[in-house]
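Here is the structure we will look at, set down as structure tokens.
The values are calculated or read from the model by the stated rules, or taken from the named source; none is laboratory data. Just so we're clear, the structure is a prediction, and the values are computed from it rather than from any experiment. Here Cβ is always computed from backbone atoms with ideal geometry, including for glycine, and neighbour counts include all displayed protein chains. These area figures cover heavy atoms from the full protein model, side chains too; ligands, DNA and RNA do not enter into them. Shrake-Rupley method; radii C 1.70, N 1.55, O 1.52, S 1.80 Å.
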Amino acid sequence: MGRILLIYAVLLVCSCQMEGSSAVTPVFVQKGKDLMLEVMADDVPEDFLIFQWKFNESNTLVTFSPGKEPTVSNVYTGRVEASVKNFSVKLKNLQEADSGVYIARVTSAQGDKKPAEYSVTVQDPVSPVAMTVDSVSNSSDSCSLTVTCSTQDSHHINSTFTCDTNTCSQEGGERSKVTTSGASLNVYLLNDLIICNHSNQVSWTNDSKIIDLFCPRHTDPERTHVHSYVIVIWVLIIIVTAGGSAAAGYLKIRKDKRKNMENTVYAYPEE
């Protein structure tokens with residue numbers, strides 16, 4: 001009874017001021033995944049009176065008491081796993097409604113403090129993205145093509161790329177866009193590829209096309225030479241490998257034939 005009164009007394013004294021509060025840590029989780037909430041062991045005094053994980057300040061997930069097994073609130077039964085060793089909590093199968101602030105609160109004789117605080121955002125994975133080439137324009141000294149990047153949730157951006165005999169560059173149109181769901185849609189040039197990328201904090205998907213397929217006359221000559229060298233090297237490797245295999249097979253046949261001749265017993269007619 002005295003211990004319970006001491007706990008309530010400490011809570012009343014410290015309700016006006018939270019000491020040792022930690023900075024809020026932003027966390028993004030994909031819908032349906034699990035999340036581990038952890039606290040540093042040094043932040044929990046050995047003589048603590050009560051330790052709780054709370055959701056949005058008002059809802060209690062788990063309560064730890066010295067010498068007892070952790071108590072999970074009825075609302076979170078089956079969805080929360082608590083460890084008495086390190087006061088960690090595992091939230092399972094998170095949904096959008098689980099987005100919010102999760103707070104670790106510890107009460108001891110020295111006061112009340114928040115050793116950990118997480119701002120959790122649960123997101124759906126992004127939808128696939130597809131790229132289409134809308135137009136290609138060739139001239140004697142350059143080549144331009146316009147592409148469209150589209151997502152399944154009806155978002156799209158258009159961009160134009162221009163190549164001369166030396167380089168390709170992104171000249172016009174949109175380079176990026178933030179969708180209504182907070183995802184990012186981007187289109188950019190990376191070496192020989194035009195890439196459409198659709199991403200958020202928990203997932204990404206992309207589509208790409210080789211620019212040389214649409215502007216072959218204006219490919220960088222040095223890059224073309226490199227590609228030719230690679231092809232020649234591969235042909236030489238194939239020839240050498242095939243020749244080596246043929247020579248090895250021929251030598252094996254000769255060796256087997258010689259061995260057969262040595263092992264042959266010839267019969268001579270009797271006089």
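Are any of the pairs Lys68/Lys113; Lys31/Lys113; Lys54/Lys90; Lys31/Lys209 more than 19 Å apart by Cα-Cα distance, and if so, which?
Lys68/Lys113; Lys31/Lys113; Lys31/Lys209
Where Lys and Arg each count +1 and Asp and Glu each count -1, what net charge lies around Val187 among other residues with Cβ under 12 Å from its Cβ?
Here the count lands on +1.
Find how much the distance from Thr205 to Glu57 grows on full extension, using 0.36 nm per residue of separation minus their present alpha carbon separation; answer in nm with one decimal.
So the extension gain works out to 49.7 nm.
Net charge near Glu69, counting Lys/Arg +1 and Asp/Glu -1 over other residues with Cβ under 13 Å of its Cβ?
Details: positive: Lys68, Lys85; negative: Glu81.
Here the count lands on +1.
Show me 180-186, 48-54 ranked by packing, highest mean number of other Cβ atoms within 10 Å first.
48-54, 180-186
Using a cut-off of under 13 Å, list every residue of region 66-84 whose amide N is near the label point 7 Å from the Cα of Ile50 along the Cα-to-beta-carbon line.
Counting only backbone N, you get 66, 71.
Ranking request for peptides 115-126, 83-94, 58-69: highest mean number of other beta-carbon atoms within 10 Å first, then the rest in descending order.
So the order, starting with the most tightly packed, is 115-126, 83-94, 58-69.
For Val24, Val178, write out the residues from largest to smallest accessible area, computed with a 1.4 angstrom probe and no ligands counted. Display every interim value, and only then the final one.
Working: Val24 75, Val178 110 Å².
Descending order: Val178, Val24.
Which semi-axis lengths, in whole Å and largest first, follow from the square roots of five times the eigenvalues of the Cα gyration tensor of region 73-132?
Each semi-axis is √(5λ); the values are 33, 15, 10 Å.
Going by amide H atoms built from the backbone, whose H comes under 5 Å of the H on Leu61, apart from near neighbours?
The answer is Trp53, Lys54, Phe55.
Quick one: Karplus J couplings for region 25-33, per residue in order, coefficients 6.51, -1.76, 1.60, θ = phi - 60°, nearest Hz, x for Gly and Pro?
9, x, 9, 10, 10, 6, 4, x, 8
Kirkwood Rh over alpha-carbon pairs of region 23-130, then Stokes-Einstein at 25 °C and 0.890 mPa s: what D in µm² s⁻¹, rounded to an integer? Present the calculation step by step, with values, prior to reporting the outcome.
Working: Rh = 14.5 Å.
In µm²/s, the coefficient rounds to 169.
Applying a 10 Å radius around every beta-carbon, put 133-140, 75-82, 207-214 in order of their mean neighbour count, most first.
Ranked by mean Cβ neighbours within 10 Å, highest first: 207-214, 75-82, 133-140.
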